[in-house]
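Asks: One structure is given below, represented as structure tokens, and several questions about it will come after.
The values are calculated or read from the model by the stated rules, or taken from the named source; none is laboratory data. All values derive from a computational prediction rather than experimental measurement. Heads up, the Cβs are rebuilt from the backbone with ideal geometry, glycines too, and the neighbour counts pull from every protein chain shown.
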Amino acid sequence: MFRRTRRLALISALAATAVVLSACSGTPEQTPSTAPGKPDPDATLQVGLVLEPTNLDIRHTSGAAIEQVLIDNIYEGLVTRSQDNEIEGRIASDYEVSEDGLTYTFTLNDGVLFHDGTPLTSADVVASYESVRTDTTVQGNAEFASVASITAPDPATVQIVLTAPDQNFLFSLTGPAGLVFKTGDTTDLKTAENGTGPFTLTRWNKGSSITFARSDEYWGEKAGVAEVEFQYIPDFTAGVNAALAGDVDVLTAVDPNLAPQLEESGDFTLTKGRTTDKATLAFNNKKAPLDDVRVREALRLAIDHESLIEAVGAGTPLYGPIPELDPGYEDLSDVVSYDPEKAKELLAEAGQEDLDLTLTIPSFYGTTVPKVLISDFNEVGVTLEVNSVEFPTWLEDVYTNKDYDLSFVLHVEPRDFGNFADPEYYFGYDNAEVQDLYAQAQAEVDPDKSAELLAEAARIVSEDHAADWLYNGETLTAVSPIVAGFPEDSINSRINLAGVTVSAEK
């Protein structure tokens, strides 16, 4: 069996040190404190965010806004993931995967309580996961398609049996599908909660803020602050003004163009965080002339990616469909480079020297990327018209009806390479070899071998120029010197605040 055991060395949060973890831990990883002052256990952490959830029912509502604040802070699953996208234990202190990849056995940590004081047992896990498996309205239902049975051999053990190996199954348990809820709970999850995490929900001022309080009954290491207030500030300039006024201690999703104001103030440190965001220029592979690989390659060669990233203000080059934080990543910069002259030659060879194309883009992405593409494509004789639409229109025209030439979307989901193995996805990319390699990768029990198969498939996708990946997104976060341990990577999808501390003074 593959066995992973997590041990926890508990060290006082008030001493502003880290929780030391080995390969498997039952409580969240915490970053060592770097704040100069002594952490104040009674402090309130003020965090500025952009997107507010529409409701708090994470079982039935999708989206990064709800996962960002609720996962790990309010709700927990058997496993979670680190900032590096590595799987680690949470409610489960230990787990085993059988050699055939079909049976997962989890051992629960002792003393886990729901916020209403009810002890969590394996029966709650079984009930929660059976809902995911059988109810199509529950988030993660599709990810449980290969689950044959979920049982509780005893109050501290959960066993899940699959019908076929699924390399992504354990990772799916780190998301909404893997969260554990109290059996038979009548809590209205749209406005209230009854999780097991280090914080409880105290109030939600819709359109303004959400406030969490430290759970002193938490089963693991207690949170380092007494309270967290998330302030929702959708306007980037207003967010910077709030930070400069001292209204927030941390401002996430800082606009790169406004970042110098925060740096020059001397009141904040700016951190750049890695993400799985793939700024994807989609090609309609089934529509002429984009069904010609020469045209697709020419468009990629025409784009000055370095200049585009500079214009955007944050990001790193990405030449394939798998970002650095996901299994199967490989530097594919050898596949394509900035070469306008070669682009012209390929377009001439394809009989497309005077090509007119339309870029359909959701309006909230702004104009920076379209302006760069218009300029770059113009240099090789391609005229680009931009069709900026509301997101529901994009969903209808591009995603559903596949009525487009080019499109731009920031694909934020981790481990979503499967989109290129699905010929019905809006990319319209259909390659039997890629589909076979992806199926093999999913069925491969050894994660290293699975990653090798994904890398092989990703190289084919890039060499087919199935799309262009303009950049791998980065997050800019402004952090006050009184704050220590605030996560840097992957915070657009979740912000684990258990290890954050706030000092009484700078």
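Asks: Could you figure out which of (1) more than 18 Å from Glu324 (Cα to Cα); (2) in contact with a helix residue (DSSP H, G or I) (Cβ under 9 Å, 6 or more places away or on another chain) isn't true of Pro414?
Replies: (1)
Asks: Return the pair list, or none, for Cβ contacts closer than 7 Å from residues in segment 212-232 that are under 24 Å from Ala253 (Cα atoms) to residues that are crowded, with 18+ Cβ neighbours inside 10 Å and among the acidic types (Asp, Glu), at least 6 apart or on different chains.
Replies: Note: pairs meeting the criteria are Tyr232/Glu52.
Every residue, every condition in (1) polar (S, T, N, Q); (2) over 28 Å from Arg214 (Cα atoms), yes or no:
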position	(1), (2)
Leu120	no, no
Ser128	yes, no
Ser131	yes, yes
Asp135	no, yes
Gln139	yes, no
Ala148	no, yes
Pro153	no, yes
Ala156	no, no
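Asks: Just name the residue that is surrounded by the fewest Cβ atoms within 10 Å (Cβ to Cβ) out of those in segment 127-176 that are small (Gly, Ala, Ser), in contact (Cβ under 8 Å) with a residue 60 or more places away in the chain and more than 18 Å from Thr80 (Cα to Cα).
Replies: Ala164
Asks: So how many residues does segment 81-94 have that are surrounded by fewer than 24 Cβ atoms within 10 Å (Cβ to Cβ) and not in a loop (DSSP other than H, G, I, E, B)?
Replies: Counting residues in segment 81-94 that are surrounded by fewer than 24 Cβ atoms within 10 Å (Cβ to Cβ) and not in a loop (DSSP other than H, G, I, E, B) gives 4.
Asks: Show the residue pairs meeting these rules: Cβ distance below 6 Å; 6+ apart or different chains; first residue within segment 435-464 and under 22 Å from Ser333 (Cα atoms) and free of Cβ contacts under 8 Å to residues at least 24 places away in the same chain; second residue buried (at least 19 other Cβ atoms within 10 Å of the Cβ) and aliphatic (A, V, I, L, M).
Replies: Listed by first residue and then by second, the contacts come to Leu437/Leu453; Leu437/Ala457; Tyr438/Ala421; Tyr438/Ala457; Glu456/Leu437.
Asks: Assess whether Asp116 counts as being buried (at least 18 other Cβ atoms within 10 Å of the Cβ), charged (D, E, K, R) and within 14 Å of Asp185 (Cβ to Cβ).
Replies: no
Asks: If you don't mind, there's one more thing I want to ask. Being over 24 Å from the mean Cα position of the chain (by Cα), part of a strand (DSSP E or B), outside the structural domain of Ala441 (by TED's automatic domain parsing) and among the aliphatic types (A, V, I, L, M) narrows it down to one of Ala152, Ala127, Ala164, so name that one.
Replies: Unique residue meeting the criteria: Ala152.
Asks: Let me ask something else. Looking only at segment 77-87, filter to residues that are in contact (Cβ under 8 Å) with a residue 60 or more places away in the chain and out of contact with any Leu (no Cβ under 7 Å at 6 or more places or on another chain); which one of those is nearest to Val147 (Cα to Cα)?
Replies: Out of the qualifying residues, it is Thr80.
Matching residues to (1) under 15 Å from Ala467 (Cβ atoms); (2) surrounded by 18 or more Cβ atoms within 10 Å (Cβ to Cβ); (3) of a type outside the set (A, V, I, L, M, F, W, C):
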residue	(1), (2), (3)
Asp249	no, yes, yes
Thr252	no, yes, yes
Leu258	no, yes, no
Asp267	no, no, yes
Asp277	yes, yes, yes
Arg296	yes, yes, yes
Ala302	yes, yes, no
Glu306	no, no, yes
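Here is a yes/no grid of residues against (1) part of a loop (DSSP other than H, G, I, E, B); (2) assigned by TED's automatic domain parsing to the domain that holds Pro370; (3) at pLDDT 95 or above:
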| residue | (1), (2), (3) |
| --- | --- |
| Phe212 | no, no, yes |
| Trp219 | yes, no, yes |
| Lys222 | yes, no, yes |
| Gln231 | no, no, yes |
| Asp247 | yes, no, yes |
| Asp255 | yes, no, no |
| Ala288 | yes, yes, yes |
| Ala298 | no, yes, yes |
| Leu301 | no, yes, yes |
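Asks: Right, next: Going by the structure shown, is Asn85 at pLDDT below 95, under 16 Å from Leu170 (Cα atoms) and under 25 Å from the mean Cα position of the chain (by Cα)?
Replies: In short, yes.
Asks: For segment 282-293, which residues satisfy the criterion of being farther than 18 Å from Asn378 by Cβ, surrounded by fewer than 18 Cβ atoms within 10 Å (Cβ to Cβ) and either in contact with a helix residue (DSSP H, G or I) (Cβ under 6 Å, 6 or more places away or on another chain) or not acidic (Asp, Glu) (or both)?
Replies: If the condition is that a residue be farther than 18 Å from Asn378 by Cβ, surrounded by fewer than 18 Cβ atoms within 10 Å (Cβ to Cβ) and either in contact with a helix residue (DSSP H, G or I) (Cβ under 6 Å, 6 or more places away or on another chain) or not acidic (Asp, Glu) (or both), then Lys286, Lys287, Ala288, Val293 are the ones that fit.
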